[in-house]
């Protein structure tokens, strides 16, 4: 009987011009930024840099990751003190509510949406490294309130997205200031086959503005004059493409002779023979490795992992099966975790198993028994 590996599969799926315009406006405005008129109902300002900086991160790209697949995990950038805000005196008795509006300065990648954590996201092309895209979600906090996480879908200030539910109603509180915060999470996505190992250039995944409603909700304003930019500096984002995969040699198992008289009823198992699957030189840096078996012939009993004999077999009324070392049936097309996986580096593993003969019919005819299975690795 032969067990052969299949090809390894991974089952897990104008913007620059805008940036230039915004940057030009920033340089032209210069010191006069703080002299701009206060926002209606809600006056928000900030000190320090225009930029809010995201953390450094390394993205491990699993072997054979397809285009359109999320890579790495959520990267969180927090800035709880983004703006210093107050309800203006003229609106102290009004229902004033606030939030943050956001858009991506990069174009939407042409690979469709991706689903992460059960939600659908628009994929943007970062352009700072070929094949590296991202999705983003954000929320606003302040005055004791928090919005929901909101996906970013817009690509310009004209189709920016506001996080809801709005914060508030925000109390006047004698004109005292509160901090309006912004939290961003981005998840990178492979957008082209040419994604390679290396650092990305500096990029700005989102632009942010303060947003408010007033006049009991009948009026709204996005204060575009005091926008801020989330930026990941140059070399802050590193990509590590893991080209190494486990080496999985073929396994041939020789089953012992079994007398027809030993097979007395359907479901009888005889000739169980131990063998080992080898997973050699497996890469580290993964959250785990799974494997599954596939049948090369008809599946006769899914629960017991029994498949029909291959061509060239003479015996009748029997099939072949796989079982774990603890005698648990191995089901076809069901994922099993590689035990004791060590993410710290390259390692080799073995999985002890058994193969045998399973009686499938009441009448059994003697002859040769041949079976075959495939197995597939899934990199997590």
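Some observations on this one:
- Of the residues making up the range 247-275, those that are part of a strand (DSSP E or B) and either touching a helix residue (DSSP H, G or I) at 6+ places or on another chain (Cβ under 8 Å) or assigned by the TED database to the domain that holds residue 353 (or both) are 269, 270, 271, 272, 273, 274, 275.
- Each residue in the range 347-368 was checked for being under 19 Å from residue 255 (Cα atoms), surrounded by 14 or more Cβ atoms within 10 Å (Cβ to Cβ) and within 48 Å of the chain's Cα centre (by Cα), and 9 pass.
- If the condition is being in a loop (DSSP other than H, G, I, E, B) and modelled with pLDDT of 90 or more, then the range 347-380 contributes 360, 361, 362, 363, 364, 366, 367, 368, 369, 370, 371.
- Residue in the range 112-123 that is in contact with a helix residue (DSSP H, G or I) (Cβ under 8 Å, 6 or more places away or on another chain) and either outside the structural domain of residue 208 (by the TED database) or surrounded by fewer than 19 Cβ atoms within 10 Å (Cβ to Cβ) (or both) present: no
- Meets criteria (at positive phi and surrounded by 17 or more Cβ atoms within 10 Å (Cβ to Cβ)) for residue 312: no
- Selected residue (only one of 181, 225, 194 is in the same structural domain as residue 84 (by the TED database) and touching a strand residue (DSSP E or B) at 6+ places or on another chain (Cβ under 8 Å)): 181
- Within the range 50-78, the residues that satisfy the criterion of being buried (at least 19 other Cβ atoms within 10 Å of the Cβ), modelled with pLDDT under 95 and farther than 17 Å from residue 197 by Cα are 52, 54, 77.
The values are calculated or read from the model by the stated rules, or taken from the named source; none is laboratory data. Quantities reported herein were computed from a predicted structural model and do not represent experimental measurements. With ideal geometry, Cβ positions are generated from the backbone for all residues, glycine too; neighbour counts draw on all protein chains shown.
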